[in-house]
1. Just rank 18, 98, fewest to most, by other beta-carbon atoms within 10 angstrom.
2. In terms of modelled amide H atoms, which long-range or inter-chain residues lie less than 5 Å from the amide H of residue 77?
3. Among 91, 119, rank each residue by its count of other Cβ atoms within 10 Å, from fewest to most, as a rough exposure measure.
4. Considering only the other residues whose Cβ falls under 14 Å of the Cβ of residue 74, what net charge follows from Lys and Arg at +1 and Asp and Glu at -1?
5. Residues with amide H under 5 Å of residue 107's amide H, sequence separation 5 or more or different chain, H placed in the peptide plane at 1.01 Å from N; which?
6. How would 31, 115, 44 line up from fewest to most surrounding beta-carbon atoms within 10 angstrom?
7. Amide H of residue 84 versus every other amide H placed in the peptide plane: which residues, excluding those fewer than 5 positions away on the same chain, fall under 5 Å?
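No value in this document is a laboratory result; all are computed from the given coordinates. Being a predicted model, the structure only gives us computed values, none of them experimental. Methodologically, a virtual Cβ is constructed for each residue, glycine included, from the backbone with ideal geometry; neighbour enumeration extends over all protein chains shown.
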Amino acid sequence: MDIPDQLRCLFSASVEKRNGSSVIEVPEQEVQSGDLQPGQTYRVAVLATPTSDTAGGTDTKPQSTHTPQAPPVEEGEQRTVEIEDIGEQGDGITRVERGFVVIVPNTEQGERVTVEITDVQTNVAFAEVVERLHYYD
């Protein structure tokens with residue numbers, strides 16, 4: 001499948017019935033990462049999720065339930081990251097696997113730090129600086 005340069009994000013979601021409409025929710029992390037802006041209009045493509053069939057191939061029937069992926073970080077885990085941005089509250093923001101947001105207070109944009117994850121939520125984690133590194137470390 002060709003993926004166009006205009007692709008802003010990719011995520012899995014289920015279609016839900018709400019107030020007489022069918023709804024697909026965009027995960028908050030896609031908005032927080034800056035790829036999408038509230039109030040803007042985007043083109044949406046819907047692809048069936050491949051599932052395994054009994055013959056060992058794939059079936060293109062959509063799955064009936066949506067199981068969100070677990071956050072890619074755990075409390076107590078240490079990571080070396082670069083602070084990509086500063087949030088509205090002045091805290092540093094970095095992203096790890098799948099664009100998952102980690103908020104790091106008392107950091108500056110472009111700073112390279114080793115952090116310890118202190119709190120993990122569904123769409124965001126919080127961390128504290130363990131060590132400040134030089135850019136080439």
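1. Numbers: 18 9, 98 12.
With the fewest neighbours first, 18, 98 line up as 18, 98.
2. The answer is 117.
3. On the way: 91 15, 119 11.
In increasing order of surrounding Cβ atoms, one gets 119, 91.
4. On the way: positive: 79; negative: 75, 77, 97, 116, 119.
That sum, taken over residues with Cβ under 14 Å, equals -4.
5. 92
6. Values: 31 14, 115 25, 44 7.
So the residues, fewest neighbours to most, are 44, 31, 115.
7. 93, 94, 95, 110
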